[in-house]
Amino acid sequence: MSQLMEPGFEYCFELRVDVADALPLGGSEPGEGLHFAPVTGGAFEGPRLGGRVLPGGGDWWRGRGLAVRLDARYVIEASLPGGAAAVDVVNRGYWRTDETSLERMLAGEHVGEEELYYRTAFAFQTEHPELQWLAESQFVGYARPEPGRVVIRVFRLV
């Protein structure tokens, strides 16, 4: 049996996605059930790509206890030497924590990525020839919350 290849990751950019307050769409307890948080804008920058997050789309999330399942869809506009190109973003993942970290977050304290499991997987769609590396690769993200936004460092699986 041959040895399995270890995964490698290339850091591509950091998304700073501005979001409005979540609207509850159902659930018996506050913070539980289905919610929708509209995307209101933002920006992204990194060694592979930069640009802006267009307003529109959003994050549909379902909370249950200390875990949240995320399903976001929005559009980014990449800055390229010849102009700009739109890219459809589908981003799904999970957020979970423990009671102590949640209490710290609710008190306004910073909770780091090491203390909060906030991981996502991306699918990018575009027909722009300079951005086919986005449409033809798998990406993962490490996220963290900030007031009014979600920050996600995006890595390409190589």
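From most to least packed by mean Cβ count within 10 Å, the peptides 76-82, 50-56 give 50-56, 76-82.
The alpha carbon gyration tensor of segment 1-52 gives principal lengths a ≥ b ≥ c with a/c of 1.5 or higher and a/b no greater than b/c, which makes the shape oblate. Converting the Cα gyration tensor eigenvalues of the chain into ellipsoid dimensions via √(5λ) gives semi-axes, longest first, of 28, 20, 14 Å.
Quick one: what are the phi-derived ³J(HN,Hα) couplings along segment 132-138, Karplus 6.51/-1.76/1.60 with θ = phi - 60°, whole Hz, x for glycine and proline? These are the phi-based 3J(HN,Hα) values: 5, 4, 6, 6, 10, 9, 9 Hz. Taking the helices alone, the chain has a mean residue ellipticity at 222 nm of -1500 deg cm²/dmol, built from -39,500 (n - 2.57) per DSSP H run of at least 4 residues and averaged over all its residues. Each of VAL158 and ALA84 was given a label point 7 Å from its Cα along the Cα-to-Cβ line. The distance between the two points is 3.0 nm. Heavy-atom accessible area with a 1.4 Å probe sorts LEU49, LEU66, largest first, into LEU66, LEU49. The string of couplings for segment 115-129 from the Karplus curve (6.51, -1.76, 1.60, θ = phi - 60°) is 9, 10, 7, 9, 10, 9, 10, 10, 10, 9, 10, 7, 9, 5, x Hz, one whole number per residue in order, with x for Gly and Pro. Counted residue by residue at 0.36 nm each, then reduced by the alpha carbon distance between them, the extension gain from ALA123 to GLN138 reaches 4.7 nm.
The values are calculated or read from the model by the stated rules, or taken from the named source; none is laboratory data. As the structure is a computational prediction, the values presented were derived from the model and not from experiment. Glycine gets a Cβ as well: all are built from the backbone with ideal geometry, and neighbour counts include every protein chain shown. Accessible surface is based on the protein model in full, side chains and every heavy atom, while ligands, DNA and RNA are left aside. Shrake-Rupley method; radii C 1.70, N 1.55, O 1.52, S 1.80 Å.
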